[in-house]
Structure formats: structure tokens, C-alpha cells
Amino acid sequence: MEISVIIPVYNKADYIEDCVKSLMGQDFADFEVVLVNDGSTDSSGEICDRLAEEHERIRVFHTENGGVTAARRHGYEQSQGRYIMFSDADDRIMPGALRIMHKAITDSGADEVIASFVNQHGRKGCSGLEGEVHYSVVLNNLLQRRNSFCVLWGVIFRRELLEGCLDTPRVVIEGEDILMQMKCLAKSPRVWVIPDVVYFYNEGLPNNRVATLEMIKTYDKELEKALSRQGDTFSQALIHHKIKIYETFLAKGQLDVFKAYYKPLRKVVTKDIPLAERIVIALPPWLAYILVRLRKLLK
């Protein structure tokens, strides 16, 4: 088996058939689809079972609700492919995507290949890079929240690269896909980037995910653990990342997080951090809030 496409499914009855249909129409033969029904309370599980009866390359696993990372991990453990791709159940795979991605990873010998996506409004998400790209370039982009390109979906992974990268605690319910990719990149893989649009992203669909400070603390611990294998290489980039997350709290008026978590950053910021972020962390929270809100208005 060459490719396993893993799809976590939670209450996506209105979307999952279109997602699977986009895979059944691929012009690449050697792949399987692994559907993990993560304790859905709608008819998603029944739809997955029916689709598996209709298409022999589909396998379905029903689990208790454990969150999207646990569902991906279960799919990975059950999968048989040399290469792994992920899709969200409410998105679609573009025609020819599996063929394009398989050719790119086998021809390049890379550990992962990152492609491009398009959303329902016609906006293309692309890194602007092409060919072999040093893993640190992609990792720094993600740390600085410059991630308007494929992060987890629209990517094909060599199976071995994912080992140990699907263990994020359930409390992390926002940005878990970015964290998973950063864990992969912390292993210093060979990365190849192609401009081809392989993924259709239904952007902005409603969800109930809210980032709390406790979740962010867990996220940071997981990220710090992954980056520790790189020594101090990304220490300032990690600080930059934390300040960018602090800005998202400021934008929502959650000024109390400064004393609760972010104040110690003042002591470790260097000139490697962009001036705008140095100013944000140096100001009193109420002034930093005004600055962040003004910047948002002027964008």
C-alpha cells in the first residue's frame, strides 16, 4: 500500500460524502481511506459504514470521542500505507492530488512534501517556496504564525516521520495541526515544496474551539519539548511565537494573561525579536491592547 489518507470524523454528516467522493475519483490506484468516527452524535458513523460497504478501499473505525489528534493517531496506527496524508471531513481532495503528491515525494526522496490549497472563495494558500526547502524555514514561518499555506492537510508524509508526533494532549483543541507539523519539523526532515493545488479548504466553518490560557501552557510545553532536540537554535523564535499568541489574547481583551503567564518574557527578549513584538511585550497590557487593536484596524 502506497498512501493512506486518514480522515477524523466528528459530526460531519453534511460533508463526509463529498470528501470521500473526491478521493474515489482520484487517478491513482494504490491507496486506502481510513475513516475514524470520533464518537459522532449525528449520523456520521452510519454514513461512514455505508461508504465502506460501497468502496472496498475504505476502512472505518469507531472510537469513543477523544478529540481530533487521538482520532488521527488511531487512524495512523491502523493504516497500512508507506506514505500518509490527512484530510478534514468537511474539505475535499482536488483531482489528481494523490498522483501529484506521490510522484513528488518519491522523485524528491523527501520526508514530506507540502503543496498548496484553495478555499471556497478562490483564495490560494501557498508558501511562495518551491523545491527543497530547509526545514528551519518552514518551522520559523509556523512559529511566527506566518502559516497561510498547507500545514497538515495538503501534505504527504513519509510514514516514519510521524512517529511520536501524534501524542498531543486532548486539552489542545486549537492549532493542534500546526503543533503536529512543528513536531515533525523538529526532527530535521527533508522538506520539498510544490506549487500544485491539491486541497479544497472550506474555510471559516463554525466550531466551538476556544483557546484558553491553560491550553496554551500545555501547547507551549509540548512545543518546547519537541524543539529541545534542536538545542538553542529556535529559542528566540519560540519567544516570538509566545508573544504572537499573547497578542491574540490582547485582541480579545484578556489582559490578565500578562501577569499570569507572559510577563517573564520581558527578561528574555533580544533584538532577534522584531521591534513590533518587543514593543508589545514591553508595554503595560492596556497600552499593548490599544496598539494591537489599532494594528488590526489598519490592516
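The values are calculated or read from the model by the stated rules, or taken from the named source; none is laboratory data. As the structure is a prediction and not an experimental result, all values here were calculated from the model. Note that we place each Cβ from the backbone using ideal geometry, even for glycine, and neighbour counts take in every protein chain shown. Each accessible area value is taken on the protein alone, full model and side chains, heavy atoms only, with ligands, DNA and RNA left out. Shrake-Rupley method; radii C 1.70, N 1.55, O 1.52, S 1.80 Å.
Things worth noting here:
- Among (1) within 20 Å of the chain's Cα centre (by Cα); (2) over 16 Å from residue 150 (Cβ atoms); (3) surrounded by fewer than 16 Cβ atoms within 10 Å (Cβ to Cβ), the one test that residue 137 misses: (2)
- Selection status of residue 120, touching a residue at least 24 places away in the same chain (Cβ under 8 Å) and under 27 Å from residue 228 (Cα atoms): no
- Meets criteria (open to solvent by less than 50 Å² (accessible area, probe 1.4 Å) and within 24 Å of the chain's Cα centre (by Cα)) for residue 276: no
- Just one of (1) part of a helix (DSSP H, G or I); (2) at pLDDT 95 or above; (3) open to solvent by 20 Å² or more (accessible area, probe 1.4 Å) fails for residue 293. It is (2).
- Considering each residue of the range 245-266 in turn, at least one proves to be assigned to a loop (DSSP other than H, G, I, E, B), open to solvent by 70 Å² or more (accessible area, probe 1.4 Å), acidic (Asp, Glu) and over 30 Å from residue 101 (Cβ atoms).
- The selection criterion, being open to solvent by less than 40 Å² (accessible area, probe 1.4 Å), aliphatic (A, V, I, L, M) and farther than 29 Å from residue 232 by Cβ, does not hold for residue 114.
- Residue match in the range 201-224 (condition: in contact (Cβ under 8 Å) with a residue 12 or more places away in the chain, polar (S, T, N, Q) and within 30 Å of residue 13 (Cβ to Cβ)): yes
- Per the conditions (1) over 20 Å from residue 192 (Cα atoms); (2) surrounded by 20 or more Cβ atoms within 10 Å (Cβ to Cβ), the sole criterion not satisfied by residue 64 is (2).
- Residue list for the range 152-180, filter: more than 21 Å from residue 239 (Cβ to Cβ) and open to solvent by 50 Å² or more (accessible area, probe 1.4 Å): 158, 159, 160, 163, 164, 167, 170, 171, 173
- Test: residue in the range 31-54 that is exposed (fewer than 15 other Cβ atoms within 10 Å of the Cβ) and among the basic types (Lys, Arg): yes
- Meets criteria (outside any helix (DSSP H, G or I), touching a residue at least 24 places away in the same chain (Cβ under 8 Å) and open to solvent by less than 10 Å² (accessible area, probe 1.4 Å)) for residue 149: no
- Only listed residue being touching a residue at least 24 places away in the same chain (Cβ under 8 Å), among the small types (Gly, Ala, Ser) and either at negative phi or in contact with a helix residue (DSSP H, G or I) (Cβ under 8 Å, 6 or more places away or on another chain) (or both), chosen from 228, 188: 188
- From 87, 79, 108, residue being modelled with pLDDT of 95 or more, surrounded by fewer than 18 Cβ atoms within 10 Å (Cβ to Cβ) and closer than 22 Å to residue 189 by Cα: 108
- The single residue among 123, 92 that is under 30 Å from residue 242 (Cβ atoms) and of a type in the set (Lys, Arg) turns out to be 123.
- Lone unmet requirement of (1) hydrophobic (A, V, I, L, M, F, W, C); (2) open to solvent by 30 Å² or more (accessible area, probe 1.4 Å); (3) in contact with a helix residue (DSSP H, G or I) (Cβ under 9 Å, 6 or more places away or on another chain) for residue 58: (2)
- Screening the range 36-91 for residues that are in contact with a Leu (Cβ under 8 Å, 6 or more places away or on another chain) and of a type in the set (Lys, Arg) and picking the one that is farthest from residue 180 (Cα to Cα) gives 59.
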